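The next block holds one structure in the form of structure tokens; read it before the comments.
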Amino acid sequence: MKVCLIAEGCYPYVVGGVSSWIHSLINAFPQVDFSLVAILSDRGMRGKFVYDLPENLKEIHEVYLLDKDWSPNSKGLDNDQFAWMKLQRHHHKALKSLVNGENVDWKGVFDLFHDEKLSINELLMSPAFLQIIRDYYKKHFSNITFSDFLWTMRSIYLPLFIAMQFVPPKADIYHCVATGYSGIVGAMAKALYPTSAMMISEHGIYTREREEEIIRAHWVQGIYKDIWIQQFRKMSLCAYEYADVVTALFAYARELQIELGCPAEKTEITPNGIRTDRFLTAPGKDENDPFINVGAILRITPIKDVKTMISAFHFAQQREPMLKLWLMGPDDEDPEYAAECRMLIDTLHVKNVEITGRINTIDYIGKMDMTILTSISEGQPLTILESYAVKKPCIATNVGNCYGLIMGEDGDDLGPAGIVAPVMNINAIAEAILELARDPKRREEMGERGYKRLMQKYKIEYMTRNYQALYARLGRQAGVEIEFEKG
């Protein structure tokens, strides 16, 4: 069986989260030949892998969304020559449906971009594209400056057009690790190879994440925020349309998928899982360690809201001086943000903060008294499960499935395995740190509950069985039979 994984901006270039999940998935199926389509913003990340790649990952294809147009037809053209480009009637109609976002003819759009003679530069500068954009502008946006509108639309469609011009490797199953550009490439592959099957595994709900990101963004203003948001919604609807199966990590995420237009009959819940045996050798806390250790295993990036964590820790430490914060994970993904976090520590004169950089989680996590996660967006964080594997409670913001992991769901009556706090609420997070810091017995009880919850529902073996069943089912649909080892 050949499975083509399609992922945007994660594996094998950054560690943790979705990247860890992909790495575990590939290793869990040694009998499957995987290929990977890695979607990146530009060539700056080319070949910069931070994982030792599994033997059954046979090939990696990189797609650069902000790349130059490498079509042979684009070289040496001036603006006058763009005027010669013509679109066939059915391609023009399909492209217009894409821009309008009404009953999009995705098959016609994909056909257009698989024309070997197509130049994206020519298309974006062509009279045909100009007329489509002008008609759309007159219908919906005539109160803003047209020249700004036109160049914004070109910037919106450039990465989508580049993604659609890519020809994915042939596979039996296309497994997209999100909707968005990954879902578009998967849908296009399904259109190219109709006998194949397509699956989407959403860890966070891509459309909602991009919507939140755009609302907060400074680089896009006014009505253009709505246009970008609508673009991502269109892309997700395309992915849902072509997918045979769409998985979510927990029940509420599945409800959001359905709300965003995914047919309910395509959806399934497949919780994350971790290898619990790896943590059996994790070293524990030194009995001579005087500190109450608060561990954050994360990438130091804005989405993890490390600044709120530092501020909350600072307020808690003023009342409990023996607290120590460990920021454990890579700080090179967003160097500017990492520098701002260090500056905040210096400005507040926060004591006892250890920034380790990239670590082996097992070497550190057992030495913590509790773990903490202050993200503004999550799916089903593996770091909470890893905390449970060493019987440590977790403080987490109420995003993704953090509430379900900490408080339980679906009839789970074990009780809380930590504390859930509101997003960006410094006072509430500080109080949660103090609450656990001052009650060792409660920490121990919560850690035991978390361990039981992990063993009941979130082991890697459970996740593997779910995907064995899905791969076998979709493989049969694609005409391929495969026998998986029972375990």
The alpha-carbon pair-distance distribution computed for the chain, with 10 angstrom bins and whole-percent values, is 4, 18, 27, 24, 16, 8, 2, 0
From the phi of every residue in segment 40-49, what ³J(HN,Hα) in whole Hz does the Karplus formula 6.51 cos²θ - 1.76 cosθ + 1.60 yield, where θ is phi - 60° and glycine or proline is x? 10, 6, 7, 7, x, 9, 3, x, 8, 7
Area of ASP439 that stays accessible when all protein chains are in place (1.4 Å probe, Å², to 10): 60
Would you pull out the residues with amide H under 5 Å of ILE395's amide H, same chain only if 5 or more places away, H placed 1.01 Å from N? THR371, ILE372, LEU373, ILE419
³J(HN,Hα) across segment 16-28 via Karplus (A = 6.51, B = -1.76, C = 1.60, θ = phi - 60°), whole Hz, x for Gly/Pro? x, x, 4, 4, 4, 5, 4, 4, 5, 4, 4, 5, 6
If you take the charge dipole of segment 408-449 about its Cα centre, with +1 on Lys and Arg Cβ and -1 on Asp and Glu Cβ, which of ALA428, ALA417, MET446 is farthest toward its positive end? ALA428
Using a Förster radius of 45 Å, what is the FRET efficiency between GLN477 and ILE144 based on their Cβ-Cβ separation? Nearest 0.05, please. 0.45
Looking at segment 1-54, what % of the alpha carbon pairs are farther apart than 16 Å? 38
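Can you compute the charge dipole magnitude of the chain about its Cα centre, using +1 on each Lys and Arg Cβ and -1 on each Asp and Glu Cβ, nothing else charged? Give it in debye, rounded to the nearest 20.
Using only the charged Cβ atoms, the result is roughly 520 debye.
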Measuring with a 1.4 Å probe in the full set of protein chains, what accessible area per residue, in whole Å², belongs to segment 87-221? 42
Would you kindly find the accessible area of HIS61, with a 1.4 Å probe and non-protein molecules such as ligands, DNA and RNA excluded, rounding to the nearest 10 Å²? 50
Run the accessible area of the chain with a 1.4 Å probe and give the carbon-and-sulfur part as a rounded percent. 49
For segment 357-487, place one equal point scatterer on every Cα, skip the solvent, and apply the Debye formula. What is log10 of I(q)/I(0) at q = 0.12, 0.14 Å⁻¹? -0.54, -0.68
How large is ³J(HN,Hα) for each residue in segment 124-139, as worked out from phi by the Karplus curve 6.51 cos²θ - 1.76 cosθ + 1.60 (θ = phi - 60°), to whole Hz, x for Gly and Pro? 5, 9, 7, x, 5, 5, 4, 5, 4, 5, 5, 4, 5, 4, 4, 6
Nearest 10 degrees, 0 to 90: helix 335-348 Cα axis against the chain principal axis: 30
Do the alpha carbons of any pairs in LYS86/LYS234; LYS307/LYS351; LYS304/LYS452 sit beyond 19 Å of each other, and which pairs? LYS86/LYS234; LYS304/LYS452
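The values are calculated or read from the model by the stated rules, or taken from the named source; none is laboratory data. Owing to the predicted nature of the structure, the values given are computational and were not obtained by experimental measurement. Cβ atoms come from the backbone with ideal geometry, glycine included; neighbour counts cover every protein chain shown. The accessibility values were calculated without ligands, DNA or RNA, using every heavy atom of the protein model including side chains. Shrake-Rupley method; radii C 1.70, N 1.55, O 1.52, S 1.80 Å.
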